[in-house]
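Engineer: Once you've had a glance at the structure underneath, I'll fire off some questions.
No value in this document is a laboratory result; all are computed from the given coordinates. Everything numeric in this text was worked out from a predicted model, so none of it was measured. No Cβ is skipped: glycine too gets one built from the backbone with ideal geometry, and neighbour counts run over all protein chains shown.
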Amino acid sequence: MKKFEYTINDPVGIHARPAGLLSKKAKALGSTVTIATADGRSATASKLMALMGLGIKQGDTVSVIIEGGDEEANAAAMEQFFKDNL
């Protein structure tokens, strides 16, 4: 299991467009990617509606957990995705 934390910079948080991109990216990896909020809620990143249901806003810090597959490479790819898109 690999884990990193990220503070959301997107002005409107994880809304439809970035959630869709995140879901697509998570599905393409050979790992299970879970997004967890500071208040203990979590969702599998490949499930678009569950991800949007977390209501993540700008300034929120989330934990990104990568399990299975090539965790090292997939964690690096997800971290770069977050920096580029969120």
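Engineer: At a 10 Å Cβ-Cβ cut-off, how would you order V12, V64, fewest neighbours first? It would help to have the intermediate numbers written out before the result.
Structural biologist: Numbers: V12 11, V64 21.
Final ranking by Cβ density, sparse to dense: V12, V64.
Engineer: Separate question: Search the structure for amide H atoms under 5 Å from the amide H of D60, placed 1.01 Å from N in the peptide plane, and list their residues when 5 or more places away or on another chain.
Structural biologist: I8
Engineer: Sticking with this structure for a sec: Given a Förster radius of 30 Å and the C-beta distance between T37 and E79 as r, what FRET efficiency does 1/(1 + (r/R0)^6) yield to the nearest 0.05?
Structural biologist: My answer for the efficiency is 0.95.
Engineer: Within the set of other residues whose C-beta is less than 15 Å from the C-beta of G59, count the net charge using Lys and Arg as +1 and Asp and Glu as -1.
Structural biologist: Here the charged neighbours net out to -3.
Engineer: Compute the angle between helix 71-85 and the longest alpha-carbon principal axis of the chain, please, reported from 0 to 90 degrees and rounded to the nearest 10.
Structural biologist: For helix 71-85, the angle is close to 30 degrees.
Engineer: Can you give me the angle between helix 16-28 and the longest principal axis of the chain, using Cα atoms only, in degrees from 0 to 90, rounded to the nearest 10?
Structural biologist: 10 degrees
Engineer: Another question, then. State, in angstrom, two size descriptors of the chain derived from its alpha carbons: Rg to one decimal place and Dmax to the nearest whole number.
Structural biologist: Looking at the chain, its Cα Rg and Dmax stand at 11.3, 32 Å.
Engineer: Normalising by the residue count of the chain, find the relative contact order in percent from Cα pairs under 8 Å and 6+ residues apart.
Structural biologist: Normalised by residue count, the contact order of the chain is 45 percent.
Engineer: Let me check I've understood the local charge: for K83, count other residues with C-beta under 14 angstrom from its C-beta, Lys and Arg +1, Asp and Glu -1. What total comes out?
Structural biologist: Local charge sum for K83: -3.
Engineer: Next question, about the same structure. When Rg is the radius of gyration of the Cα atoms in segment 14-58 and Rh is its Kirkwood radius, what does Rg/Rh come to?
Structural biologist: That ratio equals 0.94.
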